[in-house]
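Student: Have a look at this one before I ask anything.
The values are calculated or read from the model by the stated rules, or taken from the named source; none is laboratory data. Because the structure is a prediction, the values reported are computed rather than measured. As a convention, Cβ positions derive from the backbone with ideal geometry for all residues, glycine included, and neighbour counts pool all protein chains shown. What goes into the accessible areas is simple: the full protein's heavy atoms, side chains included, and nothing from ligands, DNA or RNA. Shrake-Rupley method; radii C 1.70, N 1.55, O 1.52, S 1.80 Å.
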Amino acid sequence: MDHSTQGGAFIDERVIFQTLEGLGPVADPVHVREILAKARELKGLNPEEVAVLTVVTDRGLLEELFTAARFIKETIYGPRIVLFAPLYISNLCHNECLYCAFRASNREVHRRALNQDEIANEIKLLVEQGHKRVLVVSGESYPREDGFDYIIKSIETVYKTRSGPGEIRRVNVNLAPCTVEQFKQLKAAGIGTFQLFQETYHRRTYDVMHPGGRKRDYDWRVTAFDRAMRGGIDDVGMGLLFGLYDWRFEVLALLQHARHLEEVFGVGPHTISVPRMEPAVGSEIAANPPRPVSDDDFLKIVAILRMAVPYTGMIMSTRETPETRRATLALGISQISAGSRTNPGGYSDGVQETDAQFQLGDHRPLNEVIRDLADMGYIPSFCTACYRLGRTGHDFMELAKPGDIKYRCDPNALSTFLEYLLDYASPDTVAAGERLIEKQLARMDDRLRRTASKMLDKVRGGRRDVYI
């Protein structure tokens, strides 16, 4: 039976509300500790257990919750943090999302779709910073003369553009929902992850927030990953926009969506993103979210998701401040963007937040972010090996779940980090990075240390793109 033909029926609001209504006003400490103990087994949590954790407010229990999340993050991901940059190629859009600066009726934003030469220039600037992977982002409308081919051409431009010793090795995309045939085209173009946010899983809120455009169709959007899987893309990235509806409902709905993919296709999402609503030019709602999420609840969301889906990557964007981003790294975040611009041409033109999709919270350049990560003991990773070697979907999870992925990810992270230090970093970042590499090597077992050391020697000898 093809479950995707049922529209969004796999998001069952009745079940979610029943689960939430069955909770008491205060979480039982004994039950909470039982759930946290189960989470430490690295097998995930069921919806009822997740719901219980959402109502934990006692400071002592919260710290126990955070401690469990830190244990899971460290056990599975170690100190690695993957870095990427968004590349906004167009802000053309036919939708009317009330919270977004790119909505069709907003006259305060200058509309622009970069041509291929402009895209190449943006990529050169990103490569010259040291980036190796980008997330191509487009408004949900394409230039009339090219249509969807505009996206395919843009991906080709990204991959073929080089500057000095560097190039982009992985292109992920955040685009409008596609047909199966379009997903096949994206696969053939060599994308990594297809990323799409449902924004809110609550249908009534979704209808209110999306009064016009194709995006108004909740079911077309929520079934996009089903079509992606049928089109051959087994790495998908889901997420939602926290602040539109009750975050507890949204978390449970998101997990229903992940479970649906696992049941139908045998593999859940590769990543989950957790953006909070930020101010956007021309949007009163963005400046005053209907259901704002506090900093304390935001940290709890990250920690709970890490326990619920321990092997799924979690992404934190530059919407958040440096302080918030630092706090979430230990709790579950495994990927971050850095040096971001959210308007087409933003890397060439500099910061133009009047034309940006939303207001940034972290304006630091890549080098500063990397030095900060190194000072905290995190290994900045530019690794793209898994996708290029076919370790995606089922194959990735078969390595990740028994913990074997570290024998590849740890050496690959160090080799790409050293590449960055030698080619792009400032002297103080080089010093901090070299110290961190030596500390990380000392922590490795003999087998892993030998592998990593051989790879690092190749990079120091002039080799680039060394991975296993």
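Student: Would segment 66-110 count as rounded, prolate or oblate if I go by the C-alpha gyration tensor, calling it rounded below 1.5 in a/c and otherwise prolate when a/b exceeds b/c, oblate otherwise?
Tutor: Verdict is prolate for segment 66-110.
Student: Under unit Cβ charges (Lys, Arg +1; Asp, Glu -1), what dipole magnitude, rounded to 20 debye, does segment 71-221 have relative to its Cα centre? Provide the component values of the computation, followed by the final result.
Tutor: Values: 23 positive and 18 negative charges, 66 e Å.
The dipole of segment 71-221 has a size of about 320 debye.
Student: Farthest toward the dipole's positive end in the chain, which of 52, 15, 357, given Cβ charges of +1 (Lys, Arg) and -1 (Asp, Glu) about the Cα centre?
Tutor: Farthest along the dipole direction, towards plus: 357.
Student: Something else about it: Mind checking the full-extension length gain between residue 428 and residue 297? Use 0.36 nm per residue of separation minus the Cα-Cα distance, one decimal, nm.
Tutor: Values: separation 131, 0.36 × 131 = 47.16 nm, distance 3.55 nm.
43.6 nm is the gain from fully extending residue 428 to residue 297.
Student: A further question on this structure: Rounded to whole Å, give me the distance from the Cα center of segment 323-344 to that of segment 87-154.
Tutor: 21
Student: Under the Cβ-under-4.7 Å rule, which cysteines of the chain stay unpaired?
Tutor: Lacking a cysteine Cβ partner under 4.7 Å: 93, 178, 383, 386, 409.
Student: Residues with beta-carbon under 9 Å from that of residue 369, excluding residue 369: net charge, scoring Lys, Arg +1 and Asp, Glu -1?
Tutor: Net charge in that neighbourhood comes out at 0.
Student: Which lysines have a Cα lying under 21 Å from the Cα of residue 187, excluding residues fewer than 8 positions away in the same chain?
Tutor: 132, 153, 160
Student: Would you list, by chain and number, the lysines whose Cα falls below 16 Å from the Cα of residue 73, excluding same-chain residues fewer than 8 positions away?
Tutor: 38, 43, 300, 401, 406
Student: Quote the FRET efficiency, to the nearest 0.05, computed for residue 23 versus residue 468 with a Förster distance R0 of 41 Å and r equal to the Cβ-Cβ distance.
Tutor: 0.35
Student: Here's another thing I want to ask about it. For segment 57-110, give the magnitude of the charge dipole about the Cα centre (Cβ charges: +1 Lys/Arg, -1 Asp/Glu; no others), in debye to the nearest 20. Could the numbers behind the result be given before it?
Tutor: On the way: 6 positive and 6 negative charges, 41 e Å.
My answer is approximately 200 debye.
Student: Please give the net charge around residue 57, taking every other residue with its beta carbon less than 13 angstrom from that of residue 57, where Lys and Arg add +1 and Asp and Glu add -1.
Tutor: On the way: positive: 59, 248, 300; negative: 28, 58, 63, 64, 296, 297.
Local charge sum for residue 57: -3.
Student: Going by Cα centres, segment 33-48 and segment 172-208 are how many Å apart?
Tutor: Result: 30 Å between the Cα centres.
Student: Counting Lys and Arg as +1 and Asp and Glu as -1, each charge on the Cβ, what is the dipole of the chain about the Cα centre in debye, to the nearest 20?
Tutor: Details: 60 positive and 64 negative charges, 255 e Å.
In total the dipole reaches around 1220 debye.
Student: Longest exposed-loop-site-free stretch of the chain, with GluC sites (Glu not before Pro), DSSP loop and at most 14 other Cβ within 10 Å?
Tutor: Answer from the scan: 146-468.
Student: Right, next: Ignoring ligands, DNA and RNA, how do 123, 285 rank by accessible area with a 1.4 Å probe, largest first?
Tutor: Values: 123 0, 285 45 Å².
Descending order: 285, 123.
Student: Can you compute the modelled spin-label distance between residue 207 and residue 288, with each label point 7 Å from Cα toward Cβ, in nm?
Tutor: The answer from the label model is 2.4 nm.
Student: So how much slack lies between residue 439 and residue 323, counting 0.36 nm per residue of separation and subtracting their Cα-Cα distance, in nm?
Tutor: Difference between extended and current length: 39.3 nm.
Student: Also, I was wondering about something else. Using a/c under 1.5 as the rounded threshold, could you call segment 169-267 rounded, prolate or oblate? The axes a ≥ b ≥ c are square roots of the C-alpha gyration tensor eigenvalues, and prolate needs a/b larger than b/c, oblate otherwise.
Tutor: Values: a/c = 1.96, a/b = 1.54, b/c = 1.28.
It comes out prolate by the Cα gyration axes.
Student: While we're on this one: Work out the FRET efficiency for residue 230 and residue 148 from their Cβ-Cβ distance, taking R0 = 30 Å, and round it to the nearest 0.05. Please list the in-between numbers first.
Tutor: On the way: r = 17 Å, r/R0 = 0.58.
Rounded to the nearest 0.05, the efficiency is 0.95.
Student: List the aspartates and glutamates whose Cα lies under 14 Å from the Cα of residue 184, skipping any in the same chain that are fewer than 8 positions away.
Tutor: Candidates past the 8-residue exclusion: 149, 226, 234, 235.
Student: Taking 0.36 nm per residue of sequence separation and subtracting the Cα-Cα distance, how much length would be gained by fully extending the chain between residue 34 and residue 179, in nm to one decimal? Before the final figure, lay out each step's value.
Tutor: Numbers: separation 145, 0.36 × 145 = 52.20 nm, distance 4.37 nm.
So the extension gain works out to 47.8 nm.
Student: I would also like to ask the following. Work from the charge dipole of the chain (Cβ charges, +1 for Lys and Arg, -1 for Asp and Glu, about the Cα centre) and give the residue of 223, 294, 200 farthest towards its positive end.
Tutor: 223
Student: Treat each spin label as a single point 7 Å out from the Cα along the C-beta direction, and report the residue 59 to residue 117 distance in nm.
Tutor: 6.1
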